[in-house]
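The values are calculated or read from the model by the stated rules, or taken from the named source; none is laboratory data. Quantities reported herein were computed from a predicted structural model and do not represent experimental measurements. Here Cβ is always computed from backbone atoms with ideal geometry, including for glycine, and neighbour counts include all displayed protein chains.
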Amino acid sequence: MELKEIQRLEGHTDRVWSLDWNPATGHAGIPLVFASCSGDKTVRIWEQNLSSGLWACKAVLEETHIRTVRSCAWSPSGKLLATASFDGTTAIWENVGGDFECVSTLEGHENEVKSVCWNASGTLLATCGRDKSVWIWEVLPGNEFECVSVLQGHAQDVKMVKWHPTEDILFSCSFDNSIKVWADEGDSEDWGCVQTLREPNNGHTSTVWALSFNASGDKMVSCSDDLTVKVWGTENVGIQSGGGFAPWRHICTLTGYHDRTVFSVHWSREGIFASGAADNAIRLFVDDNESQVGGPQYKLLLKKEQAHDMDVNFVQWSPGEKPMLASASDDGTIKVWELIS
Amino acid sequence: MVSGLINANPVIYEKKERRARTAPSTFHDEYAVEPIDQQEDPEYSYSLEQLKVVTEEAIEVDDKRNYVRVTFTPTVQHCSMVTIIGLCIHVKLMRSLPSRYKVDIRVAPGSHTTVDEVNKQLRDKERIAAAMENPNIVHLLDDCLAPSFD
């Protein structure tokens with residue numbers, strides 16, 4: 001198996017922190033699209049040409065954020081793009097006949113916003129930041145957004161928020177080394193922390209940078225400054241019928257594969273998860289069917305050294321029939337890869 | 001700003017004579033020291049070298065693996081400027097070394113009351129990036145770094 005570089009995309013004038021594939025593209029003749037965000041304070045929209053297969057920058061979203069744009073996320077319908085910035089705001093953009101317009105600005109965080117994520121149905125948005133809080137916003141008609149909860153609990157800077165792929169359960173990870181699970185426990189939209197995955201229960205021993213779910217939502221992978229990647233699982237996704245939340249438990253820790261901070265992990269629909277790390281490499285891991293019972297259940301499929309010239313900040317598998325991998329780096333470039341045998 | 005000095009009686013060491021050299025294509029320990037030892041300590045106008053906050057011995061360079069590690073020692077255990085010093089060293093090295101270099105900066109074990117906390121912050125490039133967008137911090141860093149550019 002080989003990770004083959006399809007294209008190297010230049011354009012951003014500072015490090016590229018993150019990107020997000022538009023989930024409504026890549027099928028039925030709709031060309032694949034993704035957005036990227038950077039220390040250059042802009043967001044770029046990239047589209048694949050259907051005949052040549054090559055990527056080009058279709059739009060640059062600028063003059064809105066006044067500091068680094070750290071994270072971007074398309075709504076499930078692909079119609080809206082949320083961008084989170086060190087300037088403390090989250091902007092919502094709409095594609096109006098090829099031009100992207102900022103239709104709303106979410107304020108509230110006290111300082112840098114670090115991550116933004118939509119839930120599966122597109123009815124809720126979550127953000128988090130250095131002020132240690134996680135905010136949940138309700139999506140209302142007319143591009144209105146209302147904050148429904150400000151969740152305190154993390155002891156430090158919150159690096160990423162991610163909704164479960166099917167349930168309205170929110171996960172966050174932090175500089176405080178923990179992963180927190182947040183759920184709405186009653187009818188009154190009373191959001192609270194239902195579980196914390198921390199060091200004593202096989203949790204990470206340094207900053208947790210990212211997490212990702214498998215397609216069925218019963219497994220989660222997390223990555224950290226502690227140089228490990230951990231896999232977690234749950235028996236029953238979501239709230240069980242009798243009430244109460246089914247806890248997540250540690251399945252295995254992948255140690256010795258990374259020798260510098262792991263910034264990003266993403267699980268593909270085919271069951272392969274990719275990692276992006278501070279050693280400029282991309283690694284792919286897969287289920288190890290031959291493992292002994294009780295032993296590690298995941299193995300390294302391949303390591304792409306020098307995938308970029310500098311740290312790999314973000315990796316994400318594409319939607320669509322033939323999954324590709326996109327990576328974003330401190331070197332200011334984005335690369336699109338194909339996994340071939 | 002601070003009303004009293006954190007360390008009113010620092011020990012001052014002799015500056016080492018450095019021979020002039022042309023910019024090398026490979027790097028050794030001395031070259032990594034040169035850009036940072038002339039940095040000014042944020043509290044006084046002595047350099048980090050004169051205060052023995054940074055010494056040649058505390059710098060590891062591996063040119064083949066593109067790796068530099070700097071271990072620095074604040075003059076007192078409770079130094080509140082420790083993160084700023086670390087940030088200064090980081091910024092100076094980023095501006096002086098090729099982008100292929102991985103730079104690790106840490107406080108010498110046992111030399112400060114909050115070594116682990118400080119080291120964790122200095123390892124967090126996202127927090128460093130955010131700090132570098134703060135004009136107040138940038139001004140302070142530029143003041144500390146100015147003598148090192150002569």
Requested in this report: Could you give me the residue pairs with C-beta distances under 8 Å whose first residue belongs to the range A:5-20 and is at positive phi, whose second residue is of a type outside the set (D, E, K, R) wherever it lies, and which are 6+ apart or on separate chains?
Outcome: A:Gly11/A:Cys57; A:Gly11/A:Val60
Requested in this report: Would you point out which residue out of B:Val76, B:Val54, B:Val91 is in contact with a Leu (Cβ under 8 Å, 6 or more places away or on another chain) and at pLDDT below 90?
Outcome: B:Val54
Query raised in the report: Of everything in the range A:1-56 that's aliphatic (A, V, I, L, M) and touching a Pro at 6+ places or on another chain (Cβ under 9 Å), which residue is nearest to A:Asp330 (Cα to Cα)?
Result: A:Leu32
Report summary line: When the range B:92-109 is checked residue by residue, the ones that are in a helix (DSSP H, G or I) and either buried (at least 22 other Cβ atoms within 10 Å of the Cβ) or not aliphatic (A, V, I, L, M) (or both) are B:Lys92, B:Arg95, B:Ser96
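Checking the structure you have, find out if any residue of the range B:94-105 is more than 13 Å from chain A (Cβ to nearest Cβ) and either touching a Lys or Arg at 6+ places or on another chain (Cβ under 8 Å) or closer than 20 Å to A:Phe263 by Cβ (or both).
Scanning the range B:94-105 turns up at least one residue that is more than 13 Å from chain A (Cβ to nearest Cβ) and either touching a Lys or Arg at 6+ places or on another chain (Cβ under 8 Å) or closer than 20 Å to A:Phe263 by Cβ (or both).
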Report task. Check the range B:40-50 and report whether any residue there is surrounded by fewer than 19 Cβ atoms within 10 Å (Cβ to Cβ), hydroxyl-bearing (Ser, Thr, Tyr), more than 12 Å from chain A (Cβ to nearest Cβ) and within 11 Å of the chain's Cα centre (by Cα). Result -> no
Report summary line: Scanning the range A:119-134 for residues that are surrounded by fewer than 23 Cβ atoms within 10 Å (Cβ to Cβ) and not small (Gly, Ala, Ser), the one nearest to the other protein chains (Cβ to nearest Cβ) turns out to be A:Arg130
Query raised in the report: If you check A:Ser268 against the conditions, is it closer than 30 Å to A:Ala28 by Cα and of a type in the set (Ser, Thr, Tyr)?
Result: yes
Report summary line: Within the range B:117-133, the residues that are more than 7 Å from chain A (Cβ to nearest Cβ) and within 15 Å of the chain's Cα centre (by Cα) are B:Val118, B:Asn119, B:Gln121, B:Leu122, B:Ile128
Report task. May I ask you to say which residue of A:Gly122, A:Gly108, A:Gly129, A:Gly88 is closer than 21 Å to B:Asp124 by Cα, in contact with a Ser or Thr (Cβ under 9 Å, 6 or more places away or on another chain) and not hydrophobic (A, V, I, L, M, F, W, C)? Result -> A:Gly129
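Test B:Ser148 against the stated conditions and say whether it is within 27 Å of A:Asp311 (Cα to Cα) and either within 15 Å of the chain's Cα centre (by Cα) or away from chain A (no Cβ under 12 Å) (or both).
On the way: within 27 Å of A:Asp311 (Cα to Cα): no; either within 15 Å of the chain's Cα centre (by Cα) or away from chain A (no Cβ under 12 Å) (or both): yes.
The answer is no for B:Ser148.
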**Report entry** Entirely in the range A:150-215, the strands (runs of 3 or more DSSP E) that have 3 or more residues that are within 14 Å of chain B (Cβ to nearest Cβ), surrounded by fewer than 18 Cβ atoms within 10 Å (Cβ to Cβ) and among the β-branched types (Val, Ile, Thr)
**Finding:** none
**Report entry** Residue satisfying all of: in the range B:128-144; farther than 11 Å from B:Ile84 by Cβ, part of a helix (DSSP H, G or I) and of a type in the set (A, V, I, L, M, F, W, C); modelled with the lowest pLDDT among these
**Finding:** B:Val138
Query raised in the report: Can we say B:His112 is away from chain A (no Cβ under 13 Å), part of a helix (DSSP H, G or I), over 14 Å from the mean Cα position of the chain (by Cα) and not acidic (Asp, Glu)?
Result: no
Report task. Please tell me if A:Glu112 is in contact (Cβ under 8 Å) with a residue 40 or more places away in the chain, of a type outside the set (Ser, Thr, Tyr) and either surrounded by fewer than 22 Cβ atoms within 10 Å (Cβ to Cβ) or out of contact with any Asp or Glu (no Cβ under 7 Å at 6 or more places or on another chain) (or both). Result -> yes
Report task. Select from the range A:50-74 the residues that are surrounded by 15 or more Cβ atoms within 10 Å (Cβ to Cβ) and within 14 Å of chain B (Cβ to nearest Cβ) and write down the one among them that is nearest to the chain's Cα centre (by Cα). Result -> A:Ser71
Query - Where A:Ser77 falls short, out of the listed (1) under 20 Å from the mean Cα position of the chain (by Cα); (2) under 27 Å from A:Pro31 (Cβ atoms); (3) buried (at least 17 other Cβ atoms within 10 Å of the Cβ) - result: (3)
Query raised in the report: Does A:Ala84 satisfy the criteria of being more than 14 Å from chain B (Cβ to nearest Cβ), small (Gly, Ala, Ser) and closer than 19 Å to A:Ala210 by Cα?
Result: no
Requested in this report: Would you please name the residue that is surrounded by the fewest Cβ atoms within 10 Å (Cβ to Cβ), looking only at residues in the range A:14-27 that are more than 14 Å from chain B (Cβ to nearest Cβ) and farther than 16 Å from A:Ala73 by Cα?
Outcome: A:His27
